[in-house]
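What follows is a set of notes on a single structure, which appears directly below.
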Amino acid sequence: MKILHTSDWHLGQSFMGRSRQDEHQAFLTWLIETIESQSIDTLIVAGDIFDTATPPNYALELYYNFLTKLSSKCKNIIITAGNHDSIATLKAPKQLLKALNIHVIASGDESENEVIEIYNDDTLKGIVCAVPFLRDYVVRQSVGGETMSDKETSLSNGIKEHYNNVYKETLKLSKKSDIPIIATGHLTTVGSKTSESEREIYIGGTLDIDSDFFAKDFDYVALGHLHINQKVGTEHVRYSGSPIPLSFSESTSQKKVNIIDFDKKDINITELNIPLYRPLLVIRGNVKSIVKELENVKDKQTWIEVHLNDENPFHANQTVREKAKELELILLAVKIDRVEQALHAEAFGVISLDELNPLEVFERRMEQDGLEDESFIKELVTNFKKIVNEVQNS
């Protein structure tokens, strides 16, 4: 059994007002070719197929055209929802897609069967516990308690209970000890690396779920939500990451898919590089050094973000923009590292505040103010996360 694990496509994303349609089309074309050339019999997409709950029409067209072309080339296609996906959007064509052996798991509630058997030539080759992003209401019976710490613990326990229940269902299907059991998930695990383009998905804290929890029952865990390809704690618990860079913080990250080759329970995992259709480039410095770096940009498809640190920032800004226009480069943003920003950044121990996400700035500000009451700090952080989430979703 040969599996390709991918996630976090974010079809329909608008990046600083620019469409990613061409990049996503290039990726999906490459993915079909790769599935065919690598003889993949099972595709797993671990959430965030779309960037928003109401994706633009072209994103829906990309999705359905991809599935139509792929259905004759890949025996098993498993798609699970992420926190960005609309349950209704994914569920609408569910029965039609099932006729093409495309399994869509949108919510993980009692109405959905998350246990999927993988067959090849009428022989059971593996079982997938296709768990999507678990919204609060799915595990609500396990969420309670008076304090925020109680609620965080209960939420983690509720998600763990959900996985344990799905795993028990797999044991009813096959008594063979040599059948690999694969799980999917869309969440942040303990010890994983994040980037600035991921959204907080559980308000109030971090899940107490690590690779040890997954590794005890599952032979491979296909995770989504984090955009950097990585293994977490063990070889068999992995994020595939997004197929294209979704923010400038991912500009130097090589995008990949994971290919998992099972011979019964023996496993071989390969990370396959995805061709980069459009580079993202971050340039930092004064006007002289930035102009020089702009002159060295060869790929005219590159999207560029400039961070200016110059004694005359307004003149430097104009100079940089004129130079980019002269060179026919795509300059998406110029950020001025003002003197005040530099002073605050120095106090925070970084080069620029742009290196910190909002939560990190908030936490370092609390450190500066000398706050020591842990329960008060936790309450402040929780309320701050709620405000950030409301702003991001407004």
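Every read-out reported here was derived from the displayed coordinates using simple, explicitly stated rules and does not represent laboratory data. Note that the coordinates shown come from a computational prediction; the quantities given were computed from them, not determined experimentally. Reconstructed Cβ throughout: ideal geometry from the backbone, glycine too, with neighbour counts over all protein chains shown.
Working ranking of peptides 164-172, 295-303 by packing, defined as the average number of other Cβ atoms within 10 Å per residue, highest first, is 164-172, 295-303. Seen from Arg278, the other residues with C-beta closer than 9 Å to its C-beta sum to a net charge of -2, counting Lys and Arg as +1 and Asp and Glu as -1. Positive contributions from Lys and Arg (+1) and negative ones from Asp and Glu (-1), summed over other residues with Cβ under 11 Å from the Cβ of Leu70, come out at +1.
Hey, what number do you get for the chain at 222 nm if only DSSP H runs of n ≥ 4 count, each worth -39500 (n - 2.57), divided across all residues, to the nearest 500?
Taking each H run of at least 4 residues, the total per residue is -10500 deg cm²/dmol.
Is the shape of the chain rounded, prolate or oblate, going by the alpha carbon gyration tensor and its root eigenvalues a ≥ b ≥ c, with a/c under 1.5 for rounded and a/b larger than b/c for prolate? Each step should come with its number before you reach the end.
Values: a/c = 2.21, a/b = 1.37, b/c = 1.61.
It is oblate, given that a/c is not under 1.5 and a/b is not larger than b/c.
Which pairs break 23 Å Cα to Cα here: Lys125/Lys216; Lys231/Lys300; Lys193/Lys292; Lys216/Lys264; Lys75/Lys98; Lys216/Lys378? As for pairs spanning more than 23 Å Cα to Cα, those are Lys231/Lys300; Lys193/Lys292; Lys216/Lys378. The magnitude of the dipole of segment 2-273, with charges of +1 and -1 set on the Cβ of Lys/Arg and Asp/Glu and taken from the Cα centre, is near 440 debye.
Using 0.36 nm per residue, how much length does the chain from Ala92 to Leu371 gain when fully extended, once their Cα-Cα distance is taken away?
On the way: separation 279, 0.36 × 279 = 100.44 nm, distance 4.97 nm.
Taking 0.36 nm per residue and subtracting the Cα distance, the gain is 95.5 nm.
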